[in-house]
Ligand SMILES: *Cc1c(COP(=O)(O)O)cnc(C)c1O
C-alpha cells in the first residue's frame, strides 16, 4: 500500500447506492430485497457496498464463489446472510463446511457432495430454461433434494430486461418447483425481474445492476441514480496543427489548429476501445470529445473549448451507464465490472 494518490479515481456515491437499494426494495413489495455483490460488487468494491447496504437494512448478499465469500465474510454484519451462487466444488468443501455462508447447490453432484459431508442448511438453484446453472426443472426435483435443509430456492430469469414470453414461462415453472420442494423462501428476480411485478417477487429479490446505477428497463430510468463517476487527471496539454493526427493508427486528423489534452485513463482501466472517437468527458460543465483511439493507459480529448484546463487538473468521464453503453457498444454490466484496479475508489 502507498499513500500516493492515483492519477485516476472513481467517485462513488453512497447516498445514490442506498437510494437505489431502497427503491428496489420498495418495488419488491412484500419480498425482502437482497444485493448481488459478486465480481467485487460489480467493480465498486464488495466490502464497501456490503457495509453501506447492510447499514440501510439489506440482509441477503450473493457472491459467485468461495474466494469472494471468504474475503467478504469478516465484513458481513451479524444477522446478514451470504449465499454462494456457484455452489460447492470438492476444493471448496473444507471452507464451505466451516462457513456461515450457504452454497447454492446447483447439480445432483453438488448435492451428493454436500450430503456426504454432512453439510447443514443450503440454498438450491433450479434451472427454469436458461440452461446455465441449476437442477433441470423437468427432472425429479423431489428425489434430488430429499432430506436437504434448504433455506432459499433460486432460479434466474433469461431476459427480464425485454418484453419476452419466456419470463412468464419461467415464472410458472419456478412456482411449480417451489411448490414441490420444501424451502423457507423462494427467489427469482434480478434487477429487471423486480420491474416485472409481484408475480415475480416471491420472498426475496436479488438485484445487482440497478443498485450500481444500471438501468435494465425503461420503467426505472427516472428512479435509478448514477453511483459511479470516473475521473482522470490531465497528463499533458498540447497544441495540434491542422493536418496532424492523434493517437494510434491516426484515426483522428485535425482539420484546423486545435488544443488537446492527454488523460490518465485507458483500456487497461476498463475504458475500452469502444469509446474511441465516441466517448465524452466534462470539465466545468463543458462537454469535451475523446479524439482518436483509446490507448492502454491514456486518451486524448479536444480542449480548444476549455482554455483553462491545465496539466494536473481533473476531468469527469461521462459514465451514465445507459448513455455510456450506447457510446461504447459495451453492456452496462461490462462498463461496471471492467473498472480496473488503478482507480482510487473514493466514497462520498
Ligand atoms: C448476477 C445475478 C443476479 C443479479 O442480476 P442483475 O441483472 O445484475 O440484477 C441475480 N441472480 C443471479 C443468480 C445472478 O447471477
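For region 197-242, the Kirkwood hydrodynamic radius from C-alpha pairs, put into Stokes-Einstein at 20 °C and a viscosity of 1.002 mPa s, yields a diffusion coefficient of 147 µm² per second. Quick check for you: which residues of region 281-322 have the amide N under 14 Å from the point 7 Å beyond the Cα of residue 342 toward its beta carbon? Under 14 Å, as judged by backbone N against the label point of residue 342, lie 294-300 of region 281-322.
The helix-based estimate of mean residue ellipticity at 222 nm for the chain, built from -39,500 (n - 2.57) per DSSP H run of four or more residues and divided by its residue count, is -7000 deg cm²/dmol to the nearest 500. For region 90-170, pairs of C-alpha atoms spaced more than 18 angstrom apart make up 45 percent of the total. Considering only 108, 94, 289, the mean-square fluctuation computed in a Gaussian network model of the chain, springs between alpha carbons under 10 angstrom, is largest for 94. Of all the options 104, 315, 126, the one that moves most in a Gaussian network model of the chain with Cα springs shorter than 10 angstrom is 315. Peptides 166-172, 43-49 ranked from most to least packed give 43-49, 166-172, packing being the mean of other C-beta atoms within 10 angstrom over each peptide's residues. Using a cutoff of 8 angstrom between alpha carbon atoms and counting only pairs six or more residues apart, the relative contact order for the chain works out to 19 percent.
Based on alpha-carbon atoms, the Kirkwood radius and the radius of gyration of region 221-348 give Rg/Rh equal to 0.96.
Per residue, the convex hull spanned by the Cα atoms of region 79-228 amounts to 127 cubic angstrom.
Using the Cβ-Cβ distance between residue 59 and residue 316 with R0 = 51 Å, the FRET efficiency computed as 1/(1 + (r/R0)^6) comes to roughly 0.90. Rounded to the nearest 10 degrees, what's the angle between the helix 14-27 long axis and the longest principal axis of the chain, both from Cα atoms, 0 to 90? Roughly 40 degrees, rounded to the nearest 10.
For the chain, the Cα gyration tensor yields ellipsoid semi-axes of 44, 20, 18 Å (square root of five times each eigenvalue, largest first, whole Å). Over the C-alpha trace of region 1-112, radius of gyration and Dmax come out as 15.8, 50 angstrom. No solvent, one uniform scatterer per C-alpha: report log10 I(q)/I(0) for region 152-217 via the Debye equation at q = 0.13, 0.14, 0.17 1/Å, two decimals. Result of the Debye calculation: -0.32, -0.37, -0.54. Projecting label points 7 angstrom from Cα along Cα→Cβ for residue 95 and residue 296 puts them 3.0 nm apart. Pick from 254, 54, 320 the residue whose mean-square fluctuation is largest in a GNM of the chain, springs joining Cα atoms under 10 Å. Maximum among the listed residues: 254.
FYI, it's all coordinate maths here, none of it is from the lab. In this text the structure is predicted, and so the values were computed from the model without any measurement. Glycine also receives a Cβ, built like all others from the backbone with ideal geometry; neighbour counts cover every protein chain displayed.
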